[in-house]
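**Student:** Please find one structure pasted underneath; my questions will follow.
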Amino acid sequence: QVQLVESGGGLVQAGGSLRLSCAASGSISSINAMGWYRQAPGKARELVAVIRRDGTTTYADSLKDRFTISRDNAKNTLYLQMNSLKPEDTAVYYCSTVPAKYWGQGTQVTVSS
């Protein structure tokens, strides 16, 4: 079983940037697709970005111009660069496989207006 540890969240003003990291306990090179999810208060968890083993990416429509997902297989780490953050981006962010099999504790992102 792969263990996932997210980090990099915090409090940022609207318009700011954050880079989230997700460290996996095992190799992610053989995992076909990994993604970042988020869950805002009172809302369902949603998939925001996917990266496949071949490097192709997919984003939620409203995020593709502001978020960038990447993976470093040598470091077994997944990243999410978030720019031009908005208050509605406030959520707990999680990484997992796609479809999701494992969950870490998540990292809180709070964007103030």
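The values are calculated or read from the model by the stated rules, or taken from the named source; none is laboratory data. It should be emphasised that the depicted structure is a prediction, and the values quoted were computed from it without experimental measurement. Cβ: placed from backbone, ideal geometry, glycine included. Neighbour counts: every protein chain shown. The accessibility values were calculated without ligands, DNA or RNA, using every heavy atom of the protein model including side chains. Shrake-Rupley method; radii C 1.70, N 1.55, O 1.52, S 1.80 Å.
**Student:** Considering only protein heavy atoms and a probe of 1.4 Å, how much of the accessible area of the chain is carbon and sulfur, as a whole percent?
**Tutor:** Working: 2730 of 5870 Å².
Here it works out to 47 percent.
**Student:** Find the accessible area per residue for the chain; the probe is 1.4 Å, ligands and nucleic acids are left out, and the unit is Å². Display every interim value, and only then the final one.
**Tutor:** On the way: 5870 Å² over 113 residues.
So the chain comes to 52 Å² accessible per residue, rounded to a whole number.
**Student:** Accessible area, 1.4 Å probe, largest first: how do S25, S70, S96 sort? Before the final figure, lay out the partial values.
**Tutor:** Details: S25 75, S70 45, S96 0 Å².
So the residues, ranked largest to smallest area, are S25, S70, S96.
**Student:** Let me ask something else. Give me the number: length gained by fully extending T57 to R19, i.e. 0.36 nm times residue separation minus the C-alpha to C-alpha distance, one decimal in nm. Present the calculation step by step, with values, prior to reporting the outcome.
**Tutor:** Values: separation 38, 0.36 × 38 = 13.68 nm, distance 1.70 nm.
So the extension gain works out to 12.0 nm.
**Student:** Okay, next question. State, as an integer percentage, the relative contact order of region 2-113 based on alpha-carbon contacts under 8 Å between residues 6 or more apart.
**Tutor:** 37 percent
**Student:** Here is a follow-up. Could you tell me the number of lysine pairs in the chain with C-alpha atoms less than 21 Å from each other, where the two lysines are 8 or more residues apart or belong to different chains?
**Tutor:** Numbers: K43/K64; K43/K86; K43/K101; K64/K86; K75/K101.
Close lysine pairs under the 21 Å cut-off: 5.
**Student:** For a quick protection proxy, order the peptides 54-63, 77-86 by their average other-Cβ count within 10 Å, most packed first. Can you show the working numbers first?
**Tutor:** Details: 54-63: 12.3, 77-86: 18.5.
The most tightly packed comes first, giving 77-86, 54-63.
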